Every structure is written in C-alpha cells, then in structure tokens.
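Trainee: The structure follows.
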Amino acid sequence: MQKNPNSKFHYLKYNNLEDMLKIMLAASQSAIGINSLLYFINYHNKNIFFIYNSSIGSSLIHYTVVMERPEDKFIQLNKTSGKYEFAEDLGTESHSIYIPILDLETTTLEFPI
C-alpha cells in the first residue's frame, strides 16, 4: 500500500485487472451486497482502472495499469471462476455480473505511478 503524506487516500496497486476485479466479486457476494464502481482514466499517459472505496476516516483506491484503453463499455465477470471478458452490452449470463466501465475525463486523484 502506498500513501502520499499529503493525501487522504490510501492506494493499493494490483499486478493485473483480474486480481483487482476480485474485490468487486467479493463485494457483490457479501451479505451487504455492496457494489463498487469501476473507473477508467488515462492518467499521465497510463491507462488506469480503479475502484474507490470509502469508509469513515479512510478512503481506499484499488488500481491497476493496463496496456490498452478498453473498447467496450462493460466487463463480464464470472461469479464462479473470477475470469472476465470485455462486453459491449449487458448480457444474460446468469453466472456473471456485468460491471459498467465509467470513462473519466479528469480526476483530482494523484496516483502513485
């Protein structure tokens, strides 16, 4: 975990998108049923997917750097295997959750990349 001393955010950087999506998978299967949002931004010429989680007194940013900008609008995440694929539209696969990719233009976050 990296923390900028001037920032109120904690950052967790994942090696790949699949590992980071497991956070969303675990949240979707919890008793509370909290679903995080998945954001995409090109930040300092790096393609970044991130999830923002906030609780009292702490804000956590889960992120990963990917090679290419996503062309599709959703990620289809299989609830049993944890495998994912990009999708243009919502599907009907009952073993999957469909996560919209929110494409940001700017952010005030300062990713430690």
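The values are calculated or read from the model by the stated rules, or taken from the named source; none is laboratory data. None of the values given here were measured: they were computed from a predicted structure. Counting neighbours? That spans all protein chains shown, and the Cβs are built from the backbone with ideal geometry, glycine included.
Trainee: Among all residue pairs at least 6 apart or on different chains, which show Cβ distances below 6 Å where the first residue, located in the stretch 79-95, is in contact (Cβ under 8 Å) with a residue 12 or more places away in the chain and the second is in a loop (DSSP other than H, G, I, E, B) and among the acidic types (Asp, Glu)?
Mentor: Correct list of pairs: 86/72; 87/72; 88/72.
Trainee: List pairs: first in the stretch 35-50 and more than 20 Å from residue 96 (Cβ to Cβ) and charged (D, E, K, R), second outside any loop (DSSP other than H, G, I, E, B) and at pLDDT 95 or above, Cβ under 6 Å, 6+ apart or cross-chain?
Mentor: Sorted first by the residue in the stretch 35-50, then by its partner, the pairs are 46/65.
Trainee: Please indicate, with yes or no, whether at least one residue in the stretch 66-78 is modelled with pLDDT of 90 or more and closer than 20 Å to residue 12 by Cα.
Mentor: Yes - at least one qualifying residue is present in the stretch 66-78.
Trainee: Quick one: is residue 59 of a type in the set (Ser, Thr, Tyr) and surrounded by 11 or more Cβ atoms within 10 Å (Cβ to Cβ)? Quick ask: steps written out before the conclusion?
Mentor: Details: of a type in the set (Ser, Thr, Tyr): yes; surrounded by 11 or more Cβ atoms within 10 Å (Cβ to Cβ): yes.
Spelling it out, residue 59 is indeed of a type in the set (Ser, Thr, Tyr) and surrounded by 11 or more Cβ atoms within 10 Å (Cβ to Cβ).
Trainee: Condition check: modelled with pLDDT of 95 or more and either within 14 Å of residue 96 (Cβ to Cβ) or charged (D, E, K, R) (or both). Does residue 8 satisfy that?
Mentor: On the way: modelled with pLDDT of 95 or more: no; either within 14 Å of residue 96 (Cβ to Cβ) or charged (D, E, K, R) (or both): yes.
In short, no.
Trainee: Is one or more of the residues making up the stretch 78-89 hydroxyl-bearing (Ser, Thr, Tyr) and outside any strand (DSSP E or B)? Reasoning before the result, please.
Mentor: From the stretch 78-89, those hydroxyl-bearing (Ser, Thr, Tyr) are 80-81, 84; that's our starting set.
When the remaining residues are screened for being outside any strand (DSSP E or B), the result is 80-81.
There is at least one residue in the stretch 78-89 that is hydroxyl-bearing (Ser, Thr, Tyr) and outside any strand (DSSP E or B).
Trainee: Would you tally the residues in the stretch 96-113 being free of Cβ contacts under 8 Å to residues at least 24 places away in the same chain, outside any loop (DSSP other than H, G, I, E, B) and of a type outside the set (Gly, Ala, Ser)?
Mentor: 0
Trainee: Moving on to the next point. Of all the residues that make up the stretch 74-103, how many are under 14 Å from the mean Cα position of the chain (by Cα) and crowded, with 16+ Cβ neighbours inside 10 Å?
Mentor: 8
Trainee: Residue 52 - would you say it is in contact with a Pro (Cβ under 6 Å, 6 or more places away or on another chain), modelled with pLDDT under 95 and part of a strand (DSSP E or B)?
Mentor: Spelling it out, it is not the case that residue 52 is in contact with a Pro (Cβ under 6 Å, 6 or more places away or on another chain), modelled with pLDDT under 95 and part of a strand (DSSP E or B).
Trainee: Of (1) charged (D, E, K, R); (2) more than 20 Å from residue 11 (Cβ to Cβ); (3) modelled with pLDDT of 95 or more, residue 89 satisfies all except one. Which?
Mentor: It fails just one condition, (3).
Trainee: Which of the residues belonging to the stretch 19-46 are modelled with pLDDT under 95 and among the charged types (D, E, K, R)?
Mentor: 19, 22
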